[in-house]
Amino acid sequence: MAAFKIGKVVLRSLFKKPATLMYPVVPRKWEERTRGHIDININDCIFCGICARKCPTNAITVDRNKKSWTIERMQCIQCTHCVDLCPKHCLSNENTYTTPEVEKVVDLHVAPPEEPKPASDDTNKDSVEKKNA
Ligand code: SF4
Ligand code: SF4
């Protein structure tokens, strides 16, 4: 009786679509709302630190003076709380996972240095002064 049941399962499995993929030969398709990893658009960040204060696992560190934003990948649980609370909407939940590592991964993002303000105001002042002279 048991052999009959097993035979039935084996026969059924032979004609069923496999439940697994031949990864990496067949690439994995990520669903749109997969909680893969948190990403930041550092150019829009104002370094308010809300994301760091509200993160339940203390995965984020924000340094306002150095204009840096750091995330400990292996501490993040992809709850997306930081994404929901960011006032500048510069955090996003990307649907691809970070690559597996045997050591703790810390990603550091630093804002690019501010460009010097154009000296157009001074130029105008000069031209005005010259006209008046
Ligand atoms: S909450 Fe948003 S704007 Fe504020 S530090 Fe975090 S990422 Fe930057
Ligand atoms: S997704 Fe959650 S755990 Fe990960 S950094 Fe944001 S608030 Fe922290």
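The values are calculated or read from the model by the stated rules, or taken from the named source; none is laboratory data. Predicted, not measured: the structure shown is a model, and the values here were computed from it. Please note: Cβ atoms are built from the backbone with ideal geometry, for glycine as well, and neighbour counts cover all protein chains shown.
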For the stretch 44-74, what are the residues that are in a loop (DSSP other than H, G, I, E, B), out of contact with any Lys or Arg (no Cβ under 9 Å at 6 or more places or on another chain) and under 21 Å from Pro100 (Cα atoms)? Thr57, Asn58
Looking only at residues in the stretch 21-51 that are within 13 Å of ligand 2 (Cβ to nearest atom) and aliphatic (A, V, I, L, M), which one is surrounded by the most Cβ atoms within 10 Å (Cβ to Cβ)? Ile38
What is the residue count in the stretch 19-62 for residues that are in contact with a strand residue (DSSP E or B) (Cβ under 8 Å, 6 or more places away or on another chain) and at pLDDT below 85? 0
Which residues, counting only those in the stretch 26-68, are among the charged types (D, E, K, R), away from ligand 1 (no atom under 13 Å from the Cβ) and without any contact (Cβ under 8 Å) to a residue 40 or more places away in the chain? Arg28, Lys29
I'd like to check something: does the stretch 96-114 contain any residue that is of a type in the set (Ser, Thr, Tyr), at pLDDT 95 or above and closer than 25 Å to Trp30 by Cβ? no
The number of residues in the stretch 63-104 that are aromatic (Phe, Trp, Tyr) and more than 11 Å from the chain's Cα centre (by Cα) is 1
